[in-house]
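Okay, so here's the structure we're looking at.
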Amino acid sequence: MMRPITFLFSNILNYSVILVLQAISPQNNVDGQISIIQDKHAAFIRQNSIIERQKNPPTVNIVVLAPNNDTLPYSLHKVVPGVLYAIQTLKKKGLDNFGGRLIQPIYKDTLCSSTAGPLAAFDFYVSGVADAFLGPLCTYVLAPVARYSAAWNLPLLTVGGQNNNFDAKNPHYRLTTRMNGSFSQIGELFLKLLRKFHWKTVALLFHDFRDQSLGHSNCFFILGAVFTALGRQSFHEAFDETKPEERDFHKLLREISTQARIILVCGSPDTVREILLAAEDLNMVQNGDYVFFSIELFT
């Protein structure tokens with residue numbers, strides 16, 4: 001039985017691989033935009049690698065960049081089977097041959113690191129291997145690689161990059177395609193929902209990391225889009241769900257109850273459950289005076 005996440009990826013990637021093939025042109029792989037590389041030794045290595053590659057049976061190399069960490073929604077173990085299944089499906093339909101070039105997936109662990117991930121992309125580019133990138137998936141890895149891909153003239157497809165920083169395609173993200181849309185669309189959805197029911201005052205309660213070395217959480221970016229859509233005036237409170245001392249949800253809800261009755265919550269499933277149990281203790285669920293929305297993109 002195929003895992004649901006793998007099946008989801010197979011459907012997404014069938015379309016993604018076709019988009020990659022449409023985006024790739026021979027010029028992207030022959031001249032390689034060598035002038036982008038200022039270092040002469042790197043340019044020499046890339047040029048020789050491309051020449052050597054042309055001597056071998058031609059392939060379309062799709063470089064998969066993802067973390068090898070199964071605690072994350074999109075890890076290599078979840079992504080690669082979907083990629084392989086998508087390629088097999090295309091092969092059965094006779095769509096895996098692009099001008100005599102077969103599709104070949106190559107993958108690399110980015111460690112979800114803003115250092116290791118971009119360096120991996122550089123290695124593939126300098127070696128003349130990459131025709132297109134699938135990923136990265138972690139926001140802080142995707143941002144620099146997406147900008148580089150535009151300079152390298154290589155298409156990049158990702159199911160990440162949903163925060164609104166990627167909404168502006170030009171000039172940095174012109175070759176980036178986001179398969180899952182944007183968090184700003186969630187913001188617009190809630191704005192329309194609030195208008196429909198004539199709700200005006202909203203509070204945001206969400207998980208975010210206190211450790212700045214970890215960057216911001218997905219909840220920060222998701223509700224950040226909602227916060228922007230609502231005019232940047234909503235009351236908001238962040239907590240770090242990884243720190244037990246910050247999980248006093250009774251206290252947080254008492255504070256929020258003085259500000260709003262429409263509450264948007266974002267955190268892990270266990271955290272959201274704790275918040276709602278605390279709300280029940282405070283009689284915020286039974287009396288019908290409060291509305292809770294939980295925004296959870298992955299379970």
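The values are calculated or read from the model by the stated rules, or taken from the named source; none is laboratory data. Worth saying up front: this structure is predicted, and the values here are computed from it rather than measured. Cβ: placed from backbone, ideal geometry, glycine included. Neighbour counts: every protein chain shown.
Structure notes:
- The range 233-283: number of residues that are over 17 Å from Arg210 (Cα atoms), surrounded by 16 or more Cβ atoms within 10 Å (Cβ to Cβ) and within 25 Å of the chain's Cα centre (by Cα): 3
- For Ala151, the conditions (1) touching a strand residue (DSSP E or B) at 6+ places or on another chain (Cβ under 9 Å); (2) outside the structural domain of Gln259 (by TED's automatic domain parsing); (3) of a type in the set (Gly, Ala, Ser); (4) farther than 28 Å from Lys78 by Cα are fulfilled apart from (1).
- Residue in the range 57-75 that is within 20 Å of Ala146 (Cα to Cα) and either of a type in the set (Gly, Ala, Ser) or modelled with pLDDT under 60 (or both) present: yes
- Residue in the range 74-87 that is nearest to the chain's Cα centre (by Cα), counting only those that are touching a residue at least 60 places away in the same chain (Cβ under 8 Å) and farther than 19 Å from Val129 by Cβ: Tyr74
This table checks each residue for (1) small (Gly, Ala, Ser); (2) over 21 Å from Ala132 (Cα atoms); (3) under 15 Å from the mean Cα position of the chain (by Cα); (4) modelled with pLDDT of 90 or more.
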position	(1), (2), (3), (4)
Asn163	no, yes, yes, no
Lys169	no, no, no, no
Gly187	yes, yes, no, no
Arg195	no, yes, no, yes
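- Looking across the range 284-299, the residues that are surrounded by fewer than 17 Cβ atoms within 10 Å (Cβ to Cβ), over 27 Å from the mean Cα position of the chain (by Cα) and either not small (Gly, Ala, Ser) or not in a loop (DSSP other than H, G, I, E, B) (or both) come down to Val285, Gln286, Asn287, Asp289, Val291.
- Given (1) farther than 30 Å from Val159 by Cα; (2) surrounded by 15 or more Cβ atoms within 10 Å (Cβ to Cβ); (3) touching a residue at least 12 places away in the same chain (Cβ under 8 Å); (4) not acidic (Asp, Glu), index of the condition Leu230 fails: (1)
- Matching strands (runs of 3 or more DSSP E) fully within the range 99-212 where at least 1 residues are over 30 Å from Ala260 (Cα atoms): 101-109, 132-134, 156-158, 176-178
- Breaking point among (1) buried (at least 19 other Cβ atoms within 10 Å of the Cβ); (2) part of a helix (DSSP H, G or I); (3) not small (Gly, Ala, Ser), for Thr89: (1)
- Contact map, the range 88-101: residues that are without any contact (Cβ under 8 Å) to a residue 24 or more places away in the chain paired with residues that are of a type in the set (D, E, K, R) and surrounded by 12 or more Cβ atoms within 10 Å (Cβ to Cβ), Cβ distance under 9 Å, separation 6+ or inter-chain. Pairs shown: Gln88/Asp96; Asn97/Lys91.
- When the range 192-220 is filtered for residues that are touching a residue at least 24 places away in the same chain (Cβ under 8 Å) and aromatic (Phe, Trp, Tyr), the ones remaining, listed by number, are Trp199, Phe206, Phe209.
Yes/no per residue for (1) in contact with a Phe, Trp or Tyr (Cβ under 8 Å, 6 or more places away or on another chain); (2) in the same structural domain as Val202 (by TED's automatic domain parsing); (3) touching a residue at least 40 places away in the same chain (Cβ under 8 Å):
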position	(1), (2), (3)
Ser257	yes, yes, no
Ile263	yes, yes, yes
Cys266	yes, yes, yes
Pro269	no, yes, no
Arg273	no, yes, no
Ala278	yes, yes, no
Leu282	no, yes, no
Gly288	no, yes, no
